[in-house]
Amino acid sequence: MLRPTVRSWATSRASLLAIFVALFILISIWTARLYGDALTLENLRRLPDAAANLNPLRSHPDNPFRNTSSPATHHHLPPKIWQISLPKDPSDPASRFINPETLTDAATWLARNPDYEYTLVDDLGGEMFVRTHFSHRPDILDAYMNMPNVGMRSDLLRYLLLSAEGGVYTDTDTVALKPIDAWIPAEFRDKTKVVVGVEFDRLDGGPWADINHWVQFCQWTIAAAPGHPLFMRMVDRVIASLGDLGRQYHVPVQNVKPTSFEVMNSTGPAAFTDVVFDTIRGFEPWMVDTKNLSGLTVPTMYGDVLVLPINGFGMGQFHSGSEWKTVPEEALVKHLFKGSWREGQPEEETKEGKEKEKEKESIPARFWRWWR
């Protein structure tokens, strides 16, 4: 009774071997037609790129969202897109509901970057991420769980996401204008580990209320390779700033009601600018102030940090030399400024505090406030 089974197994094994040989020959012929030579290990590595080039929808010239960069991007940014949506009041179940209308602009990121992994992080996912990736730093978890407001928690979370995972963080009120693979000029792709954009440049104008720096970087969009030390420096800056706020107000930090100025200088763009500039100075010790970065017109490398001029991430503003009448060729992202983290700010900021700030404002700042 065993002989037929043995013959059947032998016959099946021979058939399988013949199938594998036939497949090998077909792949060899296909590869030779693509590359003009025999099947090699290098060509096997190139097969996915060849398949991508054969996708007619991806490369069709009439597709407005086609990825125009080379399939082999050769940059250090992981193909990940992060956005954050946190409730203003985590204790209110109704505030946990994410309104789909707040995510309409996310479609541009999906359409421009079809091969990228997209993740929308809510409050439960954010807490789990921090507990999972930073269990060795109880001070980070403590800071995250006791943030005075949702805007500051979102700020810290984006730095932690980029530190641990890398990729692109972008606010939910941003529009992708070009594929991420086209952000980094070809000559910088093998060097770039962080991409930041200018959001404010004083140029020849006067200072603005709430902005200390001559040049300030935005953090509504940031790109990075995982593990870059800039982000843990920023996290340490946040933790130190929270301690300063608690001591200043003589209350636990979660009970502090920070002004917008304090938010921006502890977790927001002003603090981020300090850390980015310190990182740049590590590569360019001659720089003494962010004014040294004023007036950039082309993407510029400083060590492994790529700095984009104002129109890279900051087009559409009425200041800093930003183009607002048309969409310039160099524009990569448009920020729509729908953020509402300032809601619930302390009464003194919204009345007496703002009146004091108005006295410090320059004419351009007053014009911008009136225009909005």
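The values are calculated or read from the model by the stated rules, or taken from the named source; none is laboratory data. It should be emphasised that the depicted structure is a prediction, and the values quoted were computed from it without experimental measurement. All Cβ positions, glycine included, derive from the backbone under ideal geometry; neighbour counts span all protein chains shown.
Below are the figures for this structure:
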read-out: Some residue of region 176-188 being assigned by TED's automatic domain parsing to the domain that holds Val307 and over 18 Å from Pro78 (Cα atoms); value: yes
read-out: Region 90-107: number of residues that are surrounded by 10 or more Cβ atoms within 10 Å (Cβ to Cβ) and either at pLDDT 95 or above or more than 18 Å from Val121 (Cβ to Cβ) (or both); value: 6
read-out: Candidates Asp244, Asp278, Asp236, Asp210 - the one that is among the acidic types (Asp, Glu), under 20 Å from Leu162 (Cα atoms) and in contact with a helix residue (DSSP H, G or I) (Cβ under 8 Å, 6 or more places away or on another chain); value: Asp278
read-out: Any hit, region 120-127, residues being surrounded by 15 or more Cβ atoms within 10 Å (Cβ to Cβ) and assigned to a strand (DSSP E or B); value: yes
read-out: Looking only at region 210-226, and only at residues there that are part of a loop (DSSP other than H, G, I, E, B) and within 21 Å of Asn292 (Cα to Cα), the one that is nearest to the chain's Cα centre (by Cα); value: Gln219
read-out: Region 227-261, residues that are touching a strand residue (DSSP E or B) at 6+ places or on another chain (Cβ under 8 Å) and part of a loop (DSSP other than H, G, I, E, B); value: His228
read-out: Filter result for Leu124 (under 22 Å from Ser266 (Cα atoms) and without any contact (Cβ under 8 Å) to a residue 40 or more places away in the chain); value: no
read-out: So Pro179, is it of a type outside the set (Lys, Arg), in contact with a Phe, Trp or Tyr (Cβ under 9 Å, 6 or more places away or on another chain) and crowded, with 21+ Cβ neighbours inside 10 Å; value: yes
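Table: residues versus (1) within 12 Å of the chain's Cα centre (by Cα); (2) of a type in the set (D, E, K, R).
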| position | (1), (2) |
| --- | --- |
| Pro79 | yes, no |
| Val130 | no, no |
| Asn149 | no, no |
| Arg158 | yes, yes |
| Ile180 | yes, no |
